[in-house]
Amino acid sequence: MTFTEDELRGLRLLLREELQSELGSLRSDVDKRFDEIAKQIDGLYRRDEKREQEYLAIREQNRRLEAKFA
């Protein structure tokens, strides 16, 4: 079966539209996943900052107790 130039052009346009639609969907899915990962990383940073503050408070308390009993 032979296609005319107009039919080939129409098929190319359909294919291009389909690919752009699929790429848009894929891009959206990737963006959502990156957003989820960014939220998880932010949560980990907040948790680490909280633990660091707890550690510093315990270290300071320990320093005061050592000074008290020295």
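Here are the numbers for this structure:
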| item | result |
| --- | --- |
| Per residue accessible area of the stretch 13-58, 1.4 Å probe, in Å² | 97 |
| Loop GluC sites (Glu not before Pro), the chain (other Cβ atoms within 10 Å of the site Cβ: 10 or fewer; DSSP) | none |
| Neighbour cut-off at most 11 other Cβ (10 Å), DSSP loop, chymotrypsin sites (Phe, Trp or Tyr not before Pro), the chain | F3 |
| With every protein chain in place, the chain: carbon and sulfur % of accessible area (1.4 Å) | 55 |
| With Cα atoms, 0 to 90° folded angle of helix 5-69 axis to the chain main axis | 0 |
| Structure-derived Cα Rg over 2.2 N^0.38 Å - corresponding label in (i) 1.51; (ii) 2.70; (iii) 1.41 | (ii) |
| Label point distance in nm, T4-E17, each placed 7 Å from Cα along Cα→Cβ | 1.9 |
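The values are calculated or read from the model by the stated rules, or taken from the named source; none is laboratory data. Because the structure is predicted, anything quoted here is derived from the model rather than measured. Here Cβ is always computed from backbone atoms with ideal geometry, including for glycine, and neighbour counts include all displayed protein chains. These area figures cover heavy atoms from the full protein model, side chains too; ligands, DNA and RNA do not enter into them. Shrake-Rupley method; radii C 1.70, N 1.55, O 1.52, S 1.80 Å.
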